[in-house]
Amino acid sequence: MEEKTTESNRADSFLHLIQRSQRGKLKIYLGYCAGVGKTWQMLQEARRLKDNGIDVVVGLVETHNRKETEALLSGLEIIPRKSMLYRGIEITEMDIDAVLQRRPSVVLVDELAHTNVPGNRNSRRYEDVEEILAAGIHVISTLNIQHIESLYELVEQATGVKVKERVPDRILVLADQLVNVDITTDDLRQRLSEGKVYVPGLLETALSNFFQSENLEQLRELTLRELAAQLDSKRRNHFHDDSVANPDQLMVCLSSKTRNCDAILRYASRIAGRLNRDWYAVYVKTLSESPINIDAKVQRLLSNTLALAQELGATVFTYKGDDVVKTILQFAREYRVGHIIIGNSGRTLSLWQRLQGRQTIIERLISECRGINVIVLDTREEGIVQKPKLFSGLKGSLTAVTRSQYGWKGVIRSAIVLLWDSVLEKEEAFRQLLHECCLVNPGIDEVSALKSLFERELQGGTFVGADIAIPHAKLDNLNKPVLAIGVSRVGIYDAESGKTTRIMFLILSPQSDPDSHIQLLGVISKMAADSYWRNMMLETRSKKEIIRIIRNWLR
């Protein structure tokens, strides 16, 4: 009776979430392995929701021929899958268009980490889910712990398995409810032995490989720790005062010579999540690192690294300068960074260099930083990043948290919007956006503001990722932050870097209130990371529609 009451409360809780928002809510049943009962519990909840009068349909559920699971589908409306031919084989996938056209209140989407067959509108199922949520449809899904991006190295270390299908950590952050589906490892192995997880031909192989007791225990522990961390983060976010700008952000230092960049970024993503901080991935490009001097393989790896950083939730910046340490510390001061993460390549200096007083980048960084923690990850060996070594550079005290005078939601709601239908040079886009800001705020000196923007651009490119640019500057005579957004369906071109973007955010902040600058940058980075939001912006045909999309995101 108590168990039924608990399950009923969970259904009522999700029912309450459904009634609260126009944007779809996401609930994820999280487990440590296949066979723990995620799909079974998801279907049980669907039946309870249907009994409560909620319009719930099955978008896609994988039963894997489990009779108990198949029985729960009885009485539920199932959206027919679409068939696709791939390399001569017919494969079925969820029909997202049919789901959007049907517009149920709740849709079940199993196996969130699944990779779609090439030819689908979205390459990954979690992207399908994001599109469904943006349409105002609520989603219940399932996920195993080993598919979370930032846990890749930990899972490989625990099980020896390289997991190919992974979802960004932001999907867990996006979830409104996380439910742990847990059974003992002995019970799971017993279920496997009884043929309730895999077909009989695979039993012995599974039991002697991935389903070993030691592997399962480690995955189970990892799941419980991750769930606790996510719940704690959501609790802290719930009570977080939006007017407080954190002075203790986190940054990762990248270079074309850094080894195991992916592992460093995943580690940073987890630390940022634990600290509940925004984080930045900063690549300092020296003058010797021109496309002529760097081979194509290194350029490709670097491009993939920066793309992964953005996917993990970082705001990516590229700076130019031969004094790497000076550039890093300048960025840290400007963006109120409290933690710097850098990889140790194992580079050593000769005795002669030591006698000349030279130091490695890491040694200089630790020596010259003040009030910042430097975390050095040992990346000398190929494979798993070893235990990080912490060097506390706390020779000064961290700047006290101050309150920004301006709510960021108000700034975004009152954003100036421009829509372009032709190709535009980067500098011209700057000028047009700035001019519109000056028309609304006559106190801005347009000439000096443009100069500040160009000077800031020279320090590091603001084309920070796919389709996004965020030029910004702090102005002396500005009373409150100003935001302008330009959207070009054709493209905004930067001749120097050869890059093209289509959405540009121009941020102008008061020099006297650095907190508002950091806060706005963090919020806009999260907005820009929403792939479906970007697609909606690029499909618009009017300024009015752009403003509606922006304001809907704030809800």
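Values computed for the structure shown
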{"quantity": "Entries in Lys38/Lys196; Lys27/Lys50; Lys409/Lys499; Lys451/Lys544 that, when Cα-Cα distance is taken, lie over 24 Å", "calculated": "Lys409/Lys499; Lys451/Lys544"}
{"quantity": "Segment Asn122-Ile78, extension gain: residue separation times 0.36 nm, minus the distance between their alpha carbons", "calculated": "13.7 nm"}
{"quantity": "Average Cα contact separation per residue, the stretch 408-553, under 8 Å, 6 or more apart, as relative contact order %", "calculated": "29 percent"}
{"quantity": "In nm, spacing of pseudo-spin labels at Arg370 and Glu156 (7 Å Cα→C-beta vector)", "calculated": "4.1 nm"}
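Readers should treat all values here as calculations from the given coordinates under stated rules, not as data from a laboratory. Note that the structure is predicted; figures quoted are calculated from it, not measured. No Cβ is skipped: glycine too gets one built from the backbone with ideal geometry, and neighbour counts run over all protein chains shown.
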